[in-house]
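Everything on this sheet refers to the single structure shown next.
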Amino acid sequence: MATTLLLGQTLSFDNDPFAAGLKAARHLSRGAVAMRDGFVLEVGPAADLRGRYGDCTVVDHGNSLLIAGFVDAHVHYSQTGIIASWGKRLIDWLQTYTFPEEMRFDDPGHAQQMAELYFDFSLANGITSAASFCTIHPESVEAYFAAAQARGMRMIGGKVMMDRNAPEGLRDDAQSGYDQSRALLEKWHGVDRLGYAVTPRFAPTSSAAQLEAAGALWTENPTCAMQTHLSEQREEIAWMKELFPDHPDYLSVYEAHGLAGPGAVMGHAIYLTQREVEAMVATGSGVAHCPTSNTFIGSGLCDVRGLAARGIPIGLATDVGGGSSFSMLRTMAAAYEVGQLRGDSLHAAELLWLATQGSANVLRIGDKVGNLAAGREADITVLDLASTPVISQRAARAVDIWDALFATIMLGDDRAVEQVYVAGRQMLPA
Ligand code: GUN
Ligand code: ZN
């Protein structure tokens, strides 16, 4: 395959801006990305790379910004159809909207249709990798991985395990949940760019026996991810305590069943006790921050900076359909707003980090995607920093790239996503 040179502004990270501040980021106002065979060869000044890569295809993105593709650390593709459903808190929302919709995924036709829609919506928003919950139905996992594979995307997913406190038709049991998950894992994990995540929904919908089986499956397959929900809403925590009275806190339920460690992706993690924070650090477990979900379902305000300061891997997630947007820009804006309500202003560089390298690190794919850098897979999102009249007039006053990017974060949507490259391939109509 020939070399392609993308021209535009570029943003890359040399380090984590939560730890190193703004010097962690590198901006080139006239930059270029050289890519070949699905990988980034080099990022550098356009004039320099144009001189050295003579015989190549050049795609000029003008003044638009080239960044790593967004990585959505926690999403439910199966909830695409019920996004923006009104008026419930978590437990009622699950019973009223979510479970009836997830029930429909025993139909492979429905699963395929929703998977196709999900990937169209995610790509239109510049998301090139994600970790998704499927449903309890193996058909839902097959549809998801098949659609991801057809697009050549680096995607993680898993069959939801749920053997209690869910309606008839939406429960497996400890043995069948283990067996079906294992068969799916053996079929899909490590195939092309796909990865499996052991996926017990959350403590309240699994018996201790099922959590034990999930932990065993993860121990047997340690390169997989493990995804679940942790301390999202106060009512949920009270319910968990009734169901697991012998455990001191929520995280200890997962720890006791082998469900904490590197590659564990804990969705939400809002109401952690000091002990739980220490245990997150000690086990190396990660967090998926889901700000649009946390405001939409009325869950609460995650202490992103506090968790990051402890060295806990943390990334950003849409959590569709509890989350109210497929847009990672809108999700970054919500993370900013959640920070403001906590009295903490997250910088545009920190928001971008969370949405790219931060999420990739949580999912343990941070050596492959999440940064615009030599050797990474060429998953690239191109942002038009003047995509609407309102953004355009604001961007005209921007004092630097962060000011301009922040305007697009706060005001932008899929119209700001000019192009998306997956392993070097254009995914949106030119
Ligand atoms: N907790 C358990 N299941 C879910 C879910 O589907 N969405 C959210 N936001 N929280 C959950
Ligand atoms: Zn979720």
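For region 264-348, the helices (runs of 4 or more DSSP H) that sit wholly inside it and include 3 or more residues that are in contact with a helix residue (DSSP H, G or I) (Cβ under 9 Å, 6 or more places away or on another chain) and within 14 Å of ligand 1 (Cβ to nearest atom) are 291-296. Annotation: of all residues in region 102-112 being touching a residue at least 24 places away in the same chain (Cβ under 8 Å) and part of a helix (DSSP H, G or I), the one that is nearest to ligand 2 (Cβ to nearest atom) is 102.
What do you reckon, is residue 48 among the acidic types (Asp, Glu) and either within 26 Å of the chain's Cα centre (by Cα) or at pLDDT 95 or above (or both)? Judged against the criteria, residue 48 is a match.
Within region 8-34, being in contact with a Phe, Trp or Tyr (Cβ under 8 Å, 6 or more places away or on another chain), in a strand (DSSP E or B) and open to solvent by less than 10 Å² (accessible area, probe 1.4 Å) holds for one residue alone: 34. Of the residues making up region 47-79, those that are crowded, with 23+ Cβ neighbours inside 10 Å and part of a helix (DSSP H, G or I) are 77, 78, 79. Each residue in region 124-152 was checked for being open to solvent by 10 Å² or more (accessible area, probe 1.4 Å) and assigned to a helix (DSSP H, G or I), and 9 pass. Taken residue by residue, region 173-196 has at least one member that is at positive phi and open to solvent by 30 Å² or more (accessible area, probe 1.4 Å). The set of residues from region 56-101 being among the small types (Gly, Ala, Ser) and within 15 Å of ligand 2 (Cβ to nearest atom) comprises 73, 78, 85. In contact (Cβ under 8 Å) with a residue 12 or more places away in the chain, open to solvent by 50 Å² or more (accessible area, probe 1.4 Å), among the aliphatic types (A, V, I, L, M) and not in a loop (DSSP other than H, G, I, E, B): is that true of residue 209 in this structure? Answer is yes for this residue.
Per-residue answers, yes or no, for (1) closer than 22 Å to residue 165 by Cα; (2) within 16 Å of ligand 1 (Cβ to nearest atom); (3) among the basic types (Lys, Arg); (4) buried (at least 18 other Cβ atoms within 10 Å of the Cβ):
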{"site": "219", "(1), (2), (3), (4)": "no, no, no, no"}
{"site": "224", "(1), (2), (3), (4)": "no, no, no, yes"}
{"site": "231", "(1), (2), (3), (4)": "yes, yes, no, yes"}
{"site": "238", "(1), (2), (3), (4)": "yes, yes, no, no"}
{"site": "245", "(1), (2), (3), (4)": "yes, no, no, no"}
{"site": "250", "(1), (2), (3), (4)": "yes, yes, no, yes"}
{"site": "253", "(1), (2), (3), (4)": "yes, yes, no, yes"}
{"site": "259", "(1), (2), (3), (4)": "yes, yes, no, yes"}
{"site": "262", "(1), (2), (3), (4)": "no, no, no, no"}
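Remark: pairs (first residue in region 406-417, over 16 Å from residue 337 (Cβ atoms) and in contact (Cβ under 8 Å) with a residue 24 or more places away in the chain; second residue assigned to a helix (DSSP H, G or I) and not polar (S, T, N, Q); Cβ separation under 7 Å; 6+ apart in sequence or on different chains) = 414/124; 416/329; 417/124.
So that you can scan it fast, the table gives a plain yes or no per residue for (1) closer than 25 Å to residue 119 by Cβ; (2) surrounded by fewer than 17 Cβ atoms within 10 Å (Cβ to Cβ):
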residue	(1), (2)
336	no, no
345	no, yes
354	yes, no
358	yes, no
372	yes, no
382	yes, no
397	no, yes
411	no, no
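The values are calculated or read from the model by the stated rules, or taken from the named source; none is laboratory data. Owing to the predicted nature of the structure, the values given are computational and were not obtained by experimental measurement. Cβ: placed from backbone, ideal geometry, glycine included. Neighbour counts: every protein chain shown. Calculation scope for accessible area: heavy atoms of the full protein, side chains included, ligands and nucleic acids excluded. Shrake-Rupley method; radii C 1.70, N 1.55, O 1.52, S 1.80 Å.
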